[in-house]
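S.K.: I am attaching a structure below and will ask some questions about it afterwards.
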Amino acid sequence: MMPRRLLLISLIFAGLAIFRIPATYAGADAKAADSHAIEQGRHLFNANCAHCHGEDAGAEDPYYNLPQLLSDKSDKDFTTAVTNGIPDKGMPPWKTILKPGQIGDLLVYLRSVEKEQGIDTGSQP
Amino acid sequence: MDTKTSKSINRPTGRCALLFALALAAATLMTRAANAADTGWTHYGNDAGNTHYSSLAQIKPDNIAHLHAAYAVSLGALRSNQSTPLVVGDTMYVTSSWGPKFVYALDAATGAIKWRYQSFVPENVIQFACCDVGNRGVSYRDGKVFVGQLDGKLVALDAKTGKPIWKTKVVDYKQGAVISSPPVIAGNKVITGFGGGDYGVRGYLSAYDADTGKLLWKTYTVPGPGEPGNETWKGDSWKHGGAASWVPGSYDPKLNIVYFGTSNPGPWEAGLRSTNTPDGKYVNLYSSSVVALNPDTGKILWYIQYTPDDAWDFDGVNESVLADLTIDGKKLPALMHADRNGFLYVANRKTGRLISAKPFVPVTWATGINLETGRPIEVPGMRPTLTHEAHVCPSMMGGKNWQPMSYNPGTGLVYIPALNLCVAEKEDKVEYHKGLMYVGINPFSLYTGPGGYNGELIAWNPITQAAAWSIHEPLWYLSGVLSTGGGLVFYGTLDGWFKAVDAKSGKLLWKFYTGSGVNAAPITYEVGGRQYIAVVSGRTVTMLSLLGKFAAPAAEKTAESGMLFVFALDQ
């Protein structure tokens, strides 16, 4: 049986790997990986999310403007919202359609848009 | 302007006074049996033929300077207010957005609320309404008001009290099928379609008994196995074939024919349902078409498919305007239709035979329409594929969207709220998931069409198929149009202005700032000997968000709203 502490650490790393949170990368590899995730995330975003949130997350309306909506939300908040949806707001659950890694790519992409727009993300794991 | 598109633009340019004179000589009066007195506004288009014309003439160019707001009413719901009010007697029936959240009966002279129906449509409908939570109004017959709801239900209300008489489920809205338009009334039949072409629904039209709500017939607009037309779908793609009718239909009581436009086929990614090639055999009937049906049986009598194997989300839903034209000395029972694909069609509405079809906006994807076969003559390279990004005019917003045009039998012109938008688009792989959009285009980027303007009000002669005059507007998504016997044309813009122009020249005569974008169609009516003009203001949110940065300039002009404005001459 795995010691409890080791199990916890393993789970954390497994989670980080699944969600491709940028904090797991370092140096040039991290940049390349981020760049790849951003491009993947952008493609996924425009295929699945742009119908409401605008091409390249460009929706101006506060109801749909993701860079602003996400600015005070944690990465976990984002993952939960995408996974389970927010039905009353018209956001469908994506857990049967997008893989956890893809949701992670979306997050990396959207955080990059926040950064581009100079939004103080307060990005919290 | 994108120079890549300018060389292949194709539109008649004969905007001269001669054409206008010819139009005047050729035009004949529309059949107006359903609204003989013409003081009210008893159908979505005033008459069942969807002309959006009224003969009322108290308000005219030489007194319009004295036109001022008589009253305004909050509709109680924000964003995408698209209602065309009806006026029956001295009562106005108007809806809000979001369901509609409310249906109102108002004193048409004062705006005082007589009753208010609350639908309790759940807010989660927004997931299933692709293009915002709009409602385009109600229909009326014999003491009953009929309203289609975003939750897929059709409801009959007592016109005197607002109490529901019956409520019928038309479709499961959680598949992405919502009712946003009023039904067509044909005798005792209430006929409706629904939206959902972008969610992979299989479209149908259905008729209900006006007194009981009982289903009388149901006709799929995507034929199933064993039915004629099913062979026009690749494999089992018909199951999610779209062809949903989400814009109000038209009715000719004399011919006893109803006409409904149908949406794009599902998905936009044409390779899943066809060969995605010009002149391919999988044309995907009856998508992007008009279907003519017997209202008693639901039988499809004939169809015109405006865009076979539609790869551009052109739809065919735009309204059919029914009027009688005189062409070469012969009277034609005409159907006029300004399609999203950029062509204005004139057909014989009895037989479906095409008479003419010409581009009314810049068109790059086709050079013309073969009048014998109805097939567009496609320009190679204009179909987006998985490996090819196509640059196409018009865009998926269309040369004209759902906002209705108006046909004025006095001038012989149709007044078209046109769009001058183009798109760069490429296909992307997509899978069907119930309740999610089923599109398969990624990326798509809109850009302004040739000339640098995004919207245009065009006065178009349907006989000569040429513009008499036009007004360029900086923003797109103009409102619906009203023309009157007083020689006026009314329309609104996305930056909140409601305008009146001279029907003969297009000269701006009057304007009023409503505070939010105007998308709905204006109406006019007379109560107590006084003519009124009414329009609902309250711009869309979704359509602006969808287009991202391209739409930002429009979004920044006004906020969403939901107001009814009514105008009359000073007393």
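S.K.: Please enumerate the residues belonging to the stretch A:50-62 that are at the interface with another protein chain (Cβ under 7 Å from one of its Cβ atoms) and in contact (Cβ under 8 Å) with a residue 24 or more places away in the chain.
M.R.: A:CYS52, A:ASP56
S.K.: Pull up the stretch B:554-568, narrow it to residues that are free of Cβ contacts under 8 Å to residues at least 60 places away in the same chain and part of a helix (DSSP H, G or I), then point me to the one that is nearest to the other protein chains (Cβ to nearest Cβ).
M.R.: Here the answer is B:ALA555.
S.K.: Let me ask something additional. Restrict the check to the stretch B:333-345 and report whether at least one residue is surrounded by fewer than 24 Cβ atoms within 10 Å (Cβ to Cβ) and in a loop (DSSP other than H, G, I, E, B).
M.R.: No; the residues of the stretch B:333-345 include none that is surrounded by fewer than 24 Cβ atoms within 10 Å (Cβ to Cβ) and in a loop (DSSP other than H, G, I, E, B).
S.K.: Hey, among the residues in the stretch B:443-457 that are out of contact with any Phe, Trp or Tyr (no Cβ under 6 Å at 6 or more places or on another chain) and closer than 19 Å to B:GLN403 by Cα, which one's nearest to the other protein chains (Cβ to nearest Cβ)?
M.R.: Among them, the one singled out is B:TYR453.
S.K.: So, of the residues in the stretch B:158-194 that are farther than 25 Å from B:ILE257 by Cα, touching a residue at least 60 places away in the same chain (Cβ under 8 Å) and not in a loop (DSSP other than H, G, I, E, B), which turns out to be least open to solvent (accessible area, probe 1.4 Å)?
M.R.: This residue is B:GLN175.
S.K.: Right, another one. Conditions first: (1) open to solvent by less than 50 Å² (accessible area, probe 1.4 Å); (2) at the interface with another protein chain (Cβ under 8 Å from one of its Cβ atoms); (3) in a loop (DSSP other than H, G, I, E, B); (4) closer than 22 Å to B:GLU123 by Cα. A:TRP94 passes all but one, so which condition is the exception?
M.R.: Looking at each condition in turn, A:TRP94 falls short on (2).
S.K.: Additional query: From B:GLY486, B:GLY480, B:GLY496, B:GLY506, which residue is touching a Leu at 6+ places or on another chain (Cβ under 7 Å) and in contact (Cβ under 8 Å) with a residue 24 or more places away in the chain?
M.R.: The match here is B:GLY486.
S.K.: Between A:ASN84, A:ASN65, which is open to solvent by 30 Å² or more (accessible area, probe 1.4 Å) and within 14 Å of another protein chain (Cβ to nearest Cβ)?
M.R.: Exactly one residue qualifies, and that residue is A:ASN84.
S.K.: Could you tell me which of the residues B:ALA551, B:ALA521, B:ALA500 is part of a strand (DSSP E or B) and open to solvent by less than 10 Å² (accessible area, probe 1.4 Å)?
M.R.: That would be B:ALA500, the only listed residue that is part of a strand (DSSP E or B) and open to solvent by less than 10 Å² (accessible area, probe 1.4 Å).
S.K.: So A:ALA47 fits all but one of (1) part of a helix (DSSP H, G or I); (2) more than 9 Å from chain B (Cβ to nearest Cβ); what number is the exception?
M.R.: The one condition A:ALA47 does not meet is (2).
S.K.: Now a separate question. Which of (1) within 14 Å of another protein chain (Cβ to nearest Cβ); (2) open to solvent by less than 20 Å² (accessible area, probe 1.4 Å); (3) closer than 30 Å to B:SER356 by Cα does B:GLY440 not meet, given it meets every other one?
M.R.: For B:GLY440, the exception is condition (3).
S.K.: Do you know which residues across the stretch B:347-367 are without any contact (Cβ under 8 Å) to a residue 60 or more places away in the chain, surrounded by fewer than 18 Cβ atoms within 10 Å (Cβ to Cβ) and not in a loop (DSSP other than H, G, I, E, B)?
M.R.: B:ASN348
S.K.: Could we say that B:TRP217 is outside any loop (DSSP other than H, G, I, E, B), touching a Gly at 6+ places or on another chain (Cβ under 7 Å) and at pLDDT 95 or above here?
M.R.: Judged against the criteria, B:TRP217 is a match.
S.K.: Where in the stretch B:392-476 are there strands (runs of 3 or more DSSP E), lying fully within it, with 2 or more residues that are within 17 Å of the chain's Cα centre (by Cα)?
M.R.: Result: B:406-408, B:413-419, B:455-461.
The values are calculated or read from the model by the stated rules, or taken from the named source; none is laboratory data. Note that the structure is predicted; figures quoted are calculated from it, not measured. Positions of Cβ are generated from backbone atoms using ideal geometry, with glycine treated the same way; all protein chains shown enter the neighbour counts. SASA here: full protein model, heavy atoms, side chains in, ligands and nucleic acids out. Shrake-Rupley method; radii C 1.70, N 1.55, O 1.52, S 1.80 Å.
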